[in-house]
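**Student:** Structure below; questions to follow.
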Amino acid sequence: MSATLILGLQWGDEGKGKIVDALSKDADIVCRFQGGHNAGHTLKVNNEKRVLHLIPSGILHPKTVCIIGNGVVLSLSSLLKEIANLQESGIEFADRFFISKNCSLILDSHVAIDLARDKQEGIGTTGRGIGPAYEDKVARRSIRLGDLFEPSTLPLKVDKLVNYHNTVLQEVYKVNQLNPESITKELLQQKDLLEPFVTDVTELLKESHIQGKRIIFEGAQGSMLDIDHGSYPYVTSSSTTAGGVVAGSGFGAQHISRTIGIIKAYCTRVGSGPFPTELFDAAGDHLAKVGNEFGSTTGRKRRCGWLDLKALEQIVFTNSVTELCITKLDVLTGLETLEVCVGYSNDNQPIYKSFAGWQENIESCKAFSDLPKTAQEYLSFIEEFLGIPIKMISVGPERESTFSD
Ligand code: GDP
Ligand code: IMO
Ligand code: MG
């Protein structure tokens, strides 16, 4: 059975969590492969809202196995909190949740560096230690989850790393240092709680693939935040595009035949960085208010703007997107006119094509043909411009408010 990859194609928060949850009812496995608890994936089921940061969005389906691949940078305290929250509402983890022993860990000292550095650099990070943790991974000095099971060498490794962090914290950022011994102690306590879940994820994925299991890979962040292909340096520190799957899970690219690219019907961005179609007018206020555009992880107000098809043209190519899913179409209801960026002028200003909006409530639409004519025209143009079919449309936050075209 060939696997499905689900990716956000913009600056994150496209509705990945909602779509992964909706598709998980027909999946055996859902696997995260990059990012960390900078992600905030919202699931709304039976009017109850949950935000997941590390646990894959298939977890609400009791038979679906959820996996965290080696490419994820792991905050054990955040993970344990998330597991405990879900367990409190009766969700079982035994025999259906696995974490790669090769995940690099996020330590408190990574968080301290992230916070201190971002004050100076102003990327507008989530302050979760993501960048510093990936830096250490690439520099080959990470503490990995598997290291916790080597008690004779762990204290020395943590000591070396945290002392290095302390030098940076003190000399470069003039902030407080952290105590390596208490970090080691906490890691060893956390290890005992997580031990049942730690495994060789690449082997598990290989065996599952051979057995014909239906596997979904769940992207975090969005393609425009990719470390290589995004708006550098205003990006996250992982490969959020399709290439991240192979690196971050060990699952071969050839075994993925379906790549669903999720596009919000407009555009949002949290944090700093270029946003050519950003709006500062009443239309922008409409998107922020109706779309309730506040970050799921940090609560920050999301910047809002028109859809940028020109940017998406490259991204669908990079990701080999085979089908599109458009989310939050309902948020556009009530706008007189819609604009879509179809190119850039010589001085880099967006060139817009205008569309008539619609006033009808579309939240109960169940098919493309139920949508107002003007909404159909908007979607057909996206499809035509990108040359990729729209197979799913989302018209509300609930699991059920999605239909296939
Ligand atoms: P993710 O990070 O890509 O999973 O997206 P987030 O969960 O951070 O942000 C998406 C937000 O939009 C969440 O609050 C969802 O509940 C909500 N949402 C998802 N799809 C739709 C939709 O079609 N319509 C509306 N109105 N809200 C949606
Ligand atoms: P989901 O998975 C939106 C943004 C941050 C910042 C930049 C770098 O919910 O779509 P980082 O903490 O990763 O070093 O911050 O990336 N960012 C996100 N924006 N959704 C996310 O995740 C994000 N994860 C990181 O706001 O601009
Ligand atoms: Mg989010």
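The values are calculated or read from the model by the stated rules, or taken from the named source; none is laboratory data. Keep in mind that this is a model prediction, so the values were computed, not measured. We place every Cβ from the backbone using ideal geometry, glycine too, and count neighbours over all the protein chains shown. When the accessible area is computed, the model is the full protein with side chains, heavy atoms only, and any ligands, DNA or RNA have been set aside. Shrake-Rupley method; radii C 1.70, N 1.55, O 1.52, S 1.80 Å.
**Student:** Among what's in segment 32-46 and is under 25 Å from Val111 (Cα atoms), open to solvent by less than 20 Å² (accessible area, probe 1.4 Å) and not in a loop (DSSP other than H, G, I, E, B), pick the residue that is nearest to ligand 2 (Cβ to nearest atom).
**Tutor:** His41
**Student:** Identify, please: which residue in segment 96-115 is part of a strand (DSSP E or B) and more than 15 Å from Asp147 (Cβ to Cβ) and is, among those, least open to solvent (accessible area, probe 1.4 Å)?
**Tutor:** Phe97
**Student:** Filter segment 213-240 down to residues that are assigned to a loop (DSSP other than H, G, I, E, B) and within 14 Å of ligand 3 (Cβ to nearest atom) and give me whichever is surrounded by the most Cβ atoms within 10 Å (Cβ to Cβ).
**Tutor:** Of everything passing the filter in segment 213-240, Gly219 is surrounded by the most Cβ atoms within 10 Å (Cβ to Cβ).
**Student:** Within segment 7-22, how many residues turn out to be more than 7 Å from ligand 1 (Cβ to nearest atom) and over 15 Å from Ser239 (Cβ atoms)?
**Tutor:** Here the count works out to 6.
**Student:** Any chance you could count how many residues in segment 339-398 are acidic (Asp, Glu) and farther than 24 Å from Ala22 by Cβ?
**Tutor:** 4
Condition check ((1) among the polar types (S, T, N, Q); (2) open to solvent by less than 60 Å² (accessible area, probe 1.4 Å); (3) within 27 Å of the chain's Cα centre (by Cα)) across all residues:
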{"residue": "Ser142", "(1), (2), (3)": "yes, yes, yes"}
{"residue": "Asp159", "(1), (2), (3)": "no, yes, no"}
{"residue": "Lys174", "(1), (2), (3)": "no, no, no"}
{"residue": "Glu203", "(1), (2), (3)": "no, no, yes"}
{"residue": "Lys206", "(1), (2), (3)": "no, no, yes"}
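**Student:** Let me ask something else about it. Under 9 Å between Cβ atoms, at least 6 apart or on separate chains: pull out the pairs that start in segment 375-396 with a residue that is free of Cβ contacts under 8 Å to residues at least 40 places away in the same chain and end on any residue that is part of a strand (DSSP E or B) and among the aromatic types (Phe, Trp, Tyr).
**Tutor:** What qualifies is Glu377/Phe355.
**Student:** In addition: Considering only residues that are at pLDDT 95 or above and either aliphatic (A, V, I, L, M) or near ligand 3 (Cβ under 10 Å from one of its atoms) (or both), which ones fall in segment 1-10?
**Tutor:** Passing the criteria: Ala3, Leu5, Ile6, Leu7, Gly8, Leu9.
**Student:** Taking Gly124 as meeting all but one of (1) over 11 Å from His165 (Cβ atoms); (2) in contact (Cβ under 8 Å) with a residue 60 or more places away in the chain; (3) crowded, with 23+ Cβ neighbours inside 10 Å, write down the number of the exception.
**Tutor:** Of everything listed in (1) over 11 Å from His165 (Cβ atoms); (2) in contact (Cβ under 8 Å) with a residue 60 or more places away in the chain; (3) crowded, with 23+ Cβ neighbours inside 10 Å, Gly124 misses just condition (3).
**Student:** Here is a further query. Can you confirm whether segment 189-212 contains a residue that is among the polar types (S, T, N, Q), farther than 19 Å from Leu105 by Cβ and in a helix (DSSP H, G or I)?
**Tutor:** Yes, segment 189-212 contains at least one residue that is among the polar types (S, T, N, Q), farther than 19 Å from Leu105 by Cβ and in a helix (DSSP H, G or I).
**Student:** Determine whether Ser354 is open to solvent by 40 Å² or more (accessible area, probe 1.4 Å) and not acidic (Asp, Glu).
**Tutor:** Yes; evaluated as a whole, the condition is true for this residue.
**Student:** Would segment 380-391 turn up any residue that is touching a strand residue (DSSP E or B) at 6+ places or on another chain (Cβ under 6 Å), under 29 Å from Gly36 (Cβ atoms) and open to solvent by 20 Å² or more (accessible area, probe 1.4 Å)?
**Tutor:** no
**Student:** Looking at Ile351, Ile362, Ile393, which one is under 18 Å from Asp308 (Cβ atoms) and either in contact with a Phe, Trp or Tyr (Cβ under 6 Å, 6 or more places away or on another chain) or of a type outside the set (S, T, N, Q) (or both)?
**Tutor:** Every option except Ile351 fails the conditions.
**Student:** Only one of Phe317, Phe294 is in the same structural domain as Thr241 (by TED's automatic domain parsing), within 14 Å of ligand 1 (Cβ to nearest atom) and either loosely packed, with under 15 Cβ neighbours inside 10 Å or without any contact (Cβ under 8 Å) to a residue 12 or more places away in the chain (or both). Can you tell me which?
**Tutor:** One residue alone meets the criteria, Phe294.
**Student:** Which of (1) more than 18 Å from Cys66 (Cα to Cα); (2) in contact (Cβ under 8 Å) with a residue 40 or more places away in the chain does Val198 not meet, given it meets every other one?
**Tutor:** The single condition Val198 does not satisfy is (1).
**Student:** Let me ask you something else. Can you tell me which of (1) within 12 Å of ligand 1 (Cβ to nearest atom); (2) open to solvent by 10 Å² or more (accessible area, probe 1.4 Å); (3) within 18 Å of the chain's Cα centre (by Cα); (4) not polar (S, T, N, Q) is the one Glu82 doesn't meet?
**Tutor:** (1)
**Student:** With respect to Gly15, determine if the residue is closer than 24 Å to Ala133 by Cα and of a type in the set (Gly, Ala, Ser).
**Tutor:** Answer is no for this residue.
**Student:** Among the residues of segment 116-158, which ones are within 16 Å of ligand 1 (Cβ to nearest atom) and part of a helix (DSSP H, G or I)?
**Tutor:** Passing the criteria: only Ile130.
**Student:** Among Lys49, Lys25, which is the only one that is open to solvent by 10 Å² or more (accessible area, probe 1.4 Å), within 12 Å of ligand 1 (Cβ to nearest atom) and among the basic types (Lys, Arg)?
**Tutor:** Lys49
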